[in-house]
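All remarks here apply to the structure that follows.
The values are calculated or read from the model by the stated rules, or taken from the named source; none is laboratory data. Just so we're clear, the structure is a prediction, and the values are computed from it rather than from any experiment. Here Cβ is always computed from backbone atoms with ideal geometry, including for glycine, and neighbour counts include all displayed protein chains.
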Amino acid sequence: MKAKSYETANVRKMAKKGTKIGQSQELPVDNAPSNQQYDKLGLALYITALTLALVTFVGGSYYFISQIVQGLQSKPIPWLMCILMVGFLVATVYTARTLVWLGFFGTVMLCSRMGAWMRSEETSRIAIKLDKFMPNGTGWASLALCQSLLQRGQYKESLAVAEDEWNRNGENVKQAMNMGPLCAYAGTVNQVDGNIKQTLVWNDRALASFNFMLEDYTDPKKNKSFMRRFAKSQTTEWLGQLKLQMAGVYVNNASIHMGARDFRRAKECFKKAVEMAVQAPDSPQRSEILKASKEQLGRLKHS
């Protein structure tokens with residue numbers, strides 16, 4: 001999921017003035033109503049996928065179990081056929097589970113992109129409740145819900161979603177791809193509320209997840225795998241976006257340290273922001289981060 005970068009919404013303003021302790025930040029709030037057309041389309045997609053999953057599970061289970069029972073009642077017992085039927089039964093269960101996941105994931109992605117936040121948020125909440133059933137957890141659902149709530153100015157609700165997901169999967173390295181932007185959003189929410197201490201805590205969590213992903217996707221041994229080679233072109237673009245997100249978080253941390261007059265840490269963070277931003281694809285956001293960071297490094301030259 002491509003995350004919208006709220007952590008750099010006020011980069012230049014914050015970098016110039018420095019974030020004062022307890023100072024809240026204003027973010028753009030989307031007050032547009034949910035797109036009803038895609039709310040309905042998302043619901044149709046959701047119901048269709050769940051119906052297919054149910055038909056696959058019930059129909060497949062009935063057929064393969066009946067074949068197994070019939071085989072066990074035969075003389076002699078066709079063990080090879082029974083084993084194959086067991087394998088097909090297991091495959092049926094996993095196929096049904098995948099269809100359920102696609103119903104949730106596809107609905108959330110479609111509705112999030114088309115501004116149908118009502119369906120997206122409702123589906124995300126249901127998916128989170130089914131955490132144990134979903135393949136690879138529901139970090140993606142928490143991320144989508146947190147982002148949607150943040151866009152609509154529902155800051156406390158957004159933070160509650162992030163905290164819940166952190167308590168559930170914060171230490172799960174398999175969820176690093178979702179936890180990075182999720183923690184960055186939580187840092188933004190705390191910054192809006194003027195809770196600087198918690199902003200730094202969440203930003204550090206975000207950077208830890210981002211750094212893990214960066215190390216994982218630049219590991220020469222893992223890059224030899226077939227899937228990594230197949231997705232190499234997309235991986236390069238994704239890594240650039242990852243570094244841009246990291247640069248935004250570093251700028252926010254630097255601004256907070258500037259406000260606390262901790263110029264040494266501020267300087268370190270601005271340097272890291274520049275280091276990450278120069279490796280990111282060209283964009284207005286990248287240019288803004290580089291300009292603000294270099295301006296501050298010039299002021300901090302003798303600090």
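Mind telling me which of the residues Gly137, Gly180 ends up being on the phi > 0 side of the Ramachandran plot and surrounded by 18 or more Cβ atoms within 10 Å (Cβ to Cβ)?
None of the other options fit; the residue is Gly137.
Is it the case, given these coordinates, that Thr51 is modelled with pLDDT of 95 or more and of a type in the set (S, T, N, Q)?
yes
Taking into account only those residues within region 266-303 that are loosely packed, with under 15 Cβ neighbours inside 10 Å and farther than 24 Å from Leu239 by Cβ, which is modelled with the lowest pLDDT?
Ser303
Can you tell me which residue is nearest to Leu207 (Cα to Cα) among those in region 153-171 that are touching a helix residue (DSSP H, G or I) at 6+ places or on another chain (Cβ under 8 Å) and polar (S, T, N, Q)?
If we take residues in region 153-171 being touching a helix residue (DSSP H, G or I) at 6+ places or on another chain (Cβ under 8 Å) and polar (S, T, N, Q), then Asn169 is nearest to Leu207 (Cα to Cα).
Consider region 41-96. How many of its residues are more than 26 Å from Met114 (Cα to Cα), in a helix (DSSP H, G or I) and not small (Gly, Ala, Ser)?
29
Can you find, within region 167-177, the residue that is surrounded by the most Cβ atoms within 10 Å (Cβ to Cβ) among those that are closer than 21 Å to Tyr250 by Cα and under 12 Å from the mean Cα position of the chain (by Cα)?
Residue satisfying both the conditions and the ranking: Met177.
Answer yes if at least one residue in region 11-34 is farther than 18 Å from Val249 by Cα, surrounded by 12 or more Cβ atoms within 10 Å (Cβ to Cβ), modelled with pLDDT of 90 or more and of a type outside the set (Val, Ile, Thr), and no otherwise.
Yes, the conditions are met somewhere in region 11-34.
Which members of region 244-265 meet the condition of being in contact (Cβ under 8 Å) with a residue 60 or more places away in the chain and more than 27 Å from the chain's Cα centre (by Cα)?
Met258, Gly259, Ala260
Could you tell me how many of the residues in region 148-159 are free of Cβ contacts under 8 Å to residues at least 40 places away in the same chain, buried (at least 16 other Cβ atoms within 10 Å of the Cβ) and within 15 Å of Val192 (Cβ to Cβ)?
The number of residues fulfilling the criteria is 6.
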